[in-house]
Amino acid sequence: MSSKRFVRDEKQCIIYTDDTICNSKRAVLHSDLFENMVELFVRELSHRNPSLLSEIGLDLAAKSGIRQLLNILRALDEHSMEQLISILPATDIFIEQVQRTALHEFVEQLYDYWRSRDRYMVFLAKPGPGNCRGQQPHRAFDDTLISLGHHIRSLYRNVCENITGGHPRIYRHVGAGCNVGLIAVSCQFELPPFYDTLLGEIPFVRQVWITPPMILSSSANACSGQFQRADKNPLHGLVLQRGEWLCYPAQVGATVIFIYFHQQAIGLGSSLANLFELASDTQITAGPDAVYLFGLPPQHMQQFGDSSALFFDDLKNDLLVAAIPLEDRFDSFACLQKMAFALHNIIMIGRGHMPFQGSLVTTRCENEKNSQTVLLIGSRGRKILEAMRSHGFGRAVTKMNIISGDTGSLKIHDDGSVAGYGTAIGAFLPLDTLQGGGGDALKQMDRAIIMNLHTPNGQVLLPINTIEEVLKEHGIDLLLFVSEFEEGDASHPPVETLNDSGQALRVFSAVHTCFPAFAGMQQYERINEELAGNIFQAALLSGCKIVQLRTGMSILEDESLARAVIELIESDT
């Protein structure tokens, strides 16, 4: 494999290639990548553990010594150390056990050095017939990446066994190849001239290959920076190193957002595959509803002040623009997704649909004839749904399907009924969600991307649904407001039916925002409240029940709330 470019830092290494990927152990051993990794590791050991290098007995401070080491490692794939000593005079130093033990330790540490980093393969495919279609067969790419991991693991085992002359009794089939493989292709699409000049040459991700469960770490768990609306386009005056960027064209609900990410954020960018479906070739050609750049140079963003996670409404070109700098405070998947959802919400408001923060679920009754669609608005909705699963569905409710766990939109049909649909195919959840059974989340763990497992508030990113199911419109039968900051009492029951759209709007305004941690969003919030008033009025007229759950911060546990929701569902079946 001839790597077009090899990028490495403390946490990751990225292989960019437009050539054939290694299809044999011999190809791996003679690849640029293998030589680079050995040289880099020798250089690191010269500072961290020079005694190990000296015990090997080769002059590894010189290029000739590294070449000797490379040739020895290559030969050890097929020959035992005894055979090697008999045919290569330079290897007679390994008659001594000290040198042989040191070489074995070097190989073990080299293997760990490679595996300790997040490893990414970016195949820069040549455009094939039709826009965005690469010439590389996608299944062949998958098979090749699987084979690459097998070849590297096999090489490690062969070399170690040929050095020691022994065989391990326990084999662990650990990941040894790349964690992620991306096929990236140059695409043609519709963008205004300014954006086309800046972004037109950046290749688009057209296939993602992941070996889950994948564990990533980032500088931040939460998104601590302030997001705000900008008065001028944050992309003006920007100069990009195009070879350092990729685009993930995301289907964010019913919108298409071109999410561009810098190579240092390739882990977060690749993780988008568990949250948003890739846009189709047709959608890419038609152009985006928004463009979003994650990982811009901090020096460019300094002109906008300290709160430099920005979005801009380019009214002239009918395009939303977002930009976040490459800084530790924004180095989290929470930041990456938050801006994408905000762009989606702005677009939905412009289309006359009401975005919501909450959980949308369909329930099936025991006779399999009656079903209901339930919407829980509020951040606690997901926990209530999980509690419903953990503690049973009740007498009548036998099945539940989560359409959207966190966000979605509502619209009014021509017949006056209200329908809801989702935004994301996945869910980004706290790891403690898995405690007590974990519901749907635990069933999908073999597809998980786990963020910051080493911290108390680690998170997991799981695919939950298909884009077809997410975008399917469901008529709302029961709408629940989860009021965390209002406690029930004798005058204000914990479960209260709302029969007036004005009353429903007041509760909605108290418990809901489409733009948490955003500044300068008053205009959009006001429009969304107007949409909400129309939605609630239409919902009541069409027979939808609207209910407020006063939970307070501790008055009702999730189990109690789950029972209350189940009783509401059963009362209407």
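The values are calculated or read from the model by the stated rules, or taken from the named source; none is laboratory data. Just so you know, these numbers come straight off a predicted model, no measurement behind them. Note that we place each Cβ from the backbone using ideal geometry, even for glycine, and neighbour counts take in every protein chain shown. To get the accessible areas, we keep the full protein, side chains included, count just its heavy atoms, and leave off ligands, DNA and RNA. Shrake-Rupley method; radii C 1.70, N 1.55, O 1.52, S 1.80 Å.
Data for the structure
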| item | result |
| --- | --- |
| Identity of the residue in the range 144-189, within 17 Å of Val205 (Cα to Cα) and not aliphatic (A, V, I, L, M), that ends up modelled with the lowest pLDDT | Gln188 |
| Filter pass, Ile21 being in contact with a Ser or Thr (Cβ under 6 Å, 6 or more places away or on another chain) and surrounded by 18 or more Cβ atoms within 10 Å (Cβ to Cβ) | yes |
| Residue in the range 347-370 that is within 28 Å of Gln188 (Cβ to Cβ), open to solvent by 30 Å² or more (accessible area, probe 1.4 Å), touching a strand residue (DSSP E or B) at 6+ places or on another chain (Cβ under 8 Å) and outside any loop (DSSP other than H, G, I, E, B) present | no |
| Those residues of the range 89-143 which are in a loop (DSSP other than H, G, I, E, B) and at pLDDT below 80, in sequence order | Gly128, Pro129, Gly130, Asn131, Cys132, Arg133, Gln135, Gln136, Pro137 |
| Selected residue (only one of Asp306, Asp313 is surrounded by fewer than 22 Cβ atoms within 10 Å (Cβ to Cβ), at pLDDT 90 or above and not hydrophobic (A, V, I, L, M, F, W, C)) | Asp313 |
| Residue in the range 144-177 that is farthest from Val256 (Cα to Cα), counting only those that are in a loop (DSSP other than H, G, I, E, B) and free of Cβ contacts under 8 Å to residues at least 24 places away in the same chain | Gly166 |
| Hits in the range 224-249 - residues which are open to solvent by 80 Å² or more (accessible area, probe 1.4 Å) and within 19 Å of Cys335 (Cα to Cα) | Ser224 |
| Filtered residue count, the range 257-283, keeping only those that are more than 22 Å from Asn179 (Cα to Cα), touching a residue at least 12 places away in the same chain (Cβ under 8 Å) and in a helix (DSSP H, G or I) | 2 |
| Considering residues of the range 505-542 that are free of Cβ contacts under 8 Å to residues at least 24 places away in the same chain and farther than 22 Å from Ala334 by Cα only, the residue most open to solvent (accessible area, probe 1.4 Å) | Arg506 |
| Single unsatisfied condition, Ala334 versus (1) over 13 Å from Phe261 (Cα atoms); (2) assigned to a strand (DSSP E or B) | (2) |
| Residue match in the range 480-492 (condition: touching a strand residue (DSSP E or B) at 6+ places or on another chain (Cβ under 9 Å), at pLDDT 80 or above, open to solvent by less than 60 Å² (accessible area, probe 1.4 Å) and in a helix (DSSP H, G or I)) | no |
| Subset of the range 74-128 [of a type in the set (A, V, I, L, M, F, W, C), touching a residue at least 24 places away in the same chain (Cβ under 8 Å) and out of contact with any helix residue (DSSP H, G or I) (no Cβ under 7 Å at 6 or more places or on another chain)] | Val122, Leu124, Ala125 |
| Count of residues meeting criterion [under 25 Å from Met348 (Cα atoms) and under 24 Å from the mean Cα position of the chain (by Cα)] in the range 286-306 | 8 |
